[in-house]
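Computed from the coordinates by the stated procedures, all read-outs in this text should not be read as laboratory data. Quick caveat: nothing in here was measured; it's all calculated off a predicted structure. Cβ sites come from the backbone with ideal geometry, for glycine too, and all protein chains shown count toward neighbours.
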Amino acid sequence: MENINGYYTDKNSNRWYEDIYSEIEAQELSSKLINCKNCVNCSGCSDCSDCSRCSDCSGCSGCSGFLQNPRRYTGQIMGSRKAQTTTYWLDDKSQVVCGCFRGTLEEFKNKVVETHGDNEHAKEYQKYISIVEKIIEMEL
């Protein structure tokens, strides 16, 4: 564990902000992460990457602020990036991870319109959004 730019950082590049955590707390939290990489201020998670402020999650990538394992849906390869888009949700909270975009489902809807208008990619993303909304509605 070493301090890099104000974060206690472990060998898997998981890190904890020094203004919140002591080095001993960071070492303890690090020991409880299982196969996680590049996570920030997380605890008790497994098989995650690039998450922040999560706890007790499993198999996540790029999610943020979930206090227990969120539900998720990953779409097929689509859109201008020719890649998958994932939506995480838990109760009334949602987060969409699509390329460098991270935001709520509502913010994603607006970003699709702003970025793609009514083109082919917008239609693919809107179909994905419709599927996610139906899945979330069935589960809540």
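Points worth noting:
- Leading residue by the ranking (nearest to ASN41 (Cα to Cα)) among those in segment 66-89 that are hydrophobic (A, V, I, L, M, F, W, C) and surrounded by 19 or more Cβ atoms within 10 Å (Cβ to Cβ): PHE66
- Residues located in segment 42-62, provided they are over 13 Å from the mean Cα position of the chain (by Cα) and in a loop (DSSP other than H, G, I, E, B): GLY44, ASP56
- All conditions in (1) small (Gly, Ala, Ser); (2) more than 20 Å from GLY59 (Cα to Cα); (3) within 12 Å of the chain's Cα centre (by Cα) hold for SER80, with the sole exception of (3).
- Pairs meeting the criteria (first residue in segment 38-52 and surrounded by fewer than 24 Cβ atoms within 10 Å (Cβ to Cβ), second residue among the basic types (Lys, Arg), beta carbons under 8 Å, at least 6 apart or on different chains) are VAL40/ARG15; VAL40/ARG53; ASN41/ARG15; ASN41/ARG53; SER43/LYS32; GLY44/LYS32; SER49/LYS37; ASP50/LYS37.
- GLY44 being closer than 25 Å to LYS109 by Cβ and not hydrophobic (A, V, I, L, M, F, W, C): no
- Here the condition is being under 17 Å from the mean Cα position of the chain (by Cα), of a type in the set (Gly, Ala, Ser) and farther than 30 Å from ASP118 by Cα; of GLY65, GLY75, it holds for GLY65 alone.
- In segment 104-133, the residues that are within 14 Å of TYR88 (Cα to Cα) and either surrounded by 17 or more Cβ atoms within 10 Å (Cβ to Cβ) or touching a strand residue (DSSP E or B) at 6+ places or on another chain (Cβ under 6 Å) (or both): THR104, LEU105, PHE108, TYR128, ILE129, VAL132
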